[in-house]
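What follows is a single structure, written as structure tokens, with notes after it.
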Amino acid sequence: MVSSFYYDKGNFAPSQQDALVLEVAVLGRREAALLVVCDGIGGLREGEYASSYVTMRLRSWFYEVYLRCRKRGYGWRRVQRDCIGILYDCNQYLQRYGAERGIRLGTTMTMVLLQGRRFFSWAKAPLFVKYQLFHMGDSRAYHLGKWCQRLTEDDSCGDNMLCRCVGSFSWQDVQKRQGHLWPGERILLCSDGFWRRLEETEMAESLGNRGRTWRSLRLSEEQMKKRLRKLGDAARARGEKDNQAAVIVGMEGIVHSGKAYAADERKQKRHVQ
């Protein structure tokens, strides 16, 4: 798995209320990753605190709970239950925090957990990656390949008012989804300040494998970073003033003779005992 991120406050917003997490870990022959994008609700107070608190709690849960569950062979149902539990705790905490101070605060939350397995001893990266997605709010997740497939639905009603997020409302269940990434495919998580003025075809052409041969499927981290920045700059040029945050992870490999082979990765990853 190869990953990158983009993060920009902009020149108009008074504070950075977007927060993101990108963590990759290796457990023997397994590889796991956590991607999170949170966007503090701009119309409420302390949106930056809400987004940073939720990302911090999810990052701690990833290392303290999730990786242990995967190492012990627990299934996705156990992981899903634990993840929803930590999000419920975050919602309760932010509601208590706001009640004590006489304010309302909240954040959107889009999160993806990925796990791959090296099926062959000579493979330096997984043949394919499973992912599980959790979502609340109007940040988005996209599956990028030949086309751009949106994986989330915006939790908003008339006038783009949010009707579900973490903290501002009483607890509501999260959107959930599972799927796979194959070589040349990527998952992008981004806040509304990033996606709002972009077309899905733009993202597919820049970050997917649309129109490319198997020799050009692979993107390096530096290439991903440059393309994320180019898309962010395009949104700014069209008048976007909100904070921007985006994180992407991809299965970088080649496809040859109808078979997918994972390519060697040179990025140093944290090993978990």
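The values are calculated or read from the model by the stated rules, or taken from the named source; none is laboratory data. Everything numeric in this text was worked out from a predicted model, so none of it was measured. Cβ: placed from backbone, ideal geometry, glycine included. Neighbour counts: every protein chain shown. Side chains are part of the model used for accessible areas, which takes the heavy atoms of the whole protein and leaves out ligands, DNA and RNA. Shrake-Rupley method; radii C 1.70, N 1.55, O 1.52, S 1.80 Å.
What the table shows:
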read-out	value
Conditions (1) more than 21 Å from residue 5 (Cβ to Cβ); (2) surrounded by fewer than 22 Cβ atoms within 10 Å (Cβ to Cβ): number failed by residue 56	(1)
Number of the condition not met by residue 27 [criteria: (1) in contact with a helix residue (DSSP H, G or I) (Cβ under 7 Å, 6 or more places away or on another chain); (2) surrounded by 20 or more Cβ atoms within 10 Å (Cβ to Cβ); (3) farther than 30 Å from residue 100 by Cα]	(2)
Residues that are under 21 Å from residue 5 (Cβ atoms) and open to solvent by 10 Å² or more (accessible area, probe 1.4 Å), drawn from region 59-78	59, 60, 61, 63
Hits in region 148-166 (condition: modelled with pLDDT of 90 or more and in contact with a Cys (Cβ under 7 Å, 6 or more places away or on another chain))	155, 163, 166
Qualifying residues in region 167-213 (those that are assigned to a helix (DSSP H, G or I) and small (Gly, Ala, Ser)) - the one modelled with the highest pLDDT	193
First in region 233-244 and under 10 Å from residue 8 (Cβ atoms), second anywhere and assigned to a helix (DSSP H, G or I) and of a type in the set (Phe, Trp, Tyr), Cβ under 7 Å, 6 or more apart	235/194; 244/194
Looking only at region 11-24, and only at residues there that are under 18 Å from residue 46 (Cα atoms) and of a type outside the set (Phe, Trp, Tyr), the one that is most open to solvent (accessible area, probe 1.4 Å)	14
Residue match in region 37-57 (condition: closer than 17 Å to residue 175 by Cβ, at pLDDT below 95 and within 19 Å of the chain's Cα centre (by Cα))	no
Residue within region 133-141 that is crowded, with 17+ Cβ neighbours inside 10 Å, acidic (Asp, Glu), on the phi < 0 side of the Ramachandran plot and touching a Cys at 6+ places or on another chain (Cβ under 6 Å) present	no
Some residue of region 101-123 being open to solvent by less than 30 Å² (accessible area, probe 1.4 Å), of a type in the set (S, T, N, Q), modelled with pLDDT under 90 and closer than 23 Å to residue 24 by Cβ	yes
Complete set of residues in region 23-37 that are farther than 12 Å from residue 7 by Cα and hydrophobic (A, V, I, L, M, F, W, C)	24, 25, 26, 27, 32, 33, 34, 35, 36
Failed condition for residue 85, given (1) free of Cβ contacts under 8 Å to residues at least 12 places away in the same chain; (2) open to solvent by less than 40 Å² (accessible area, probe 1.4 Å); (3) more than 20 Å from the chain's Cα centre (by Cα)	(3)
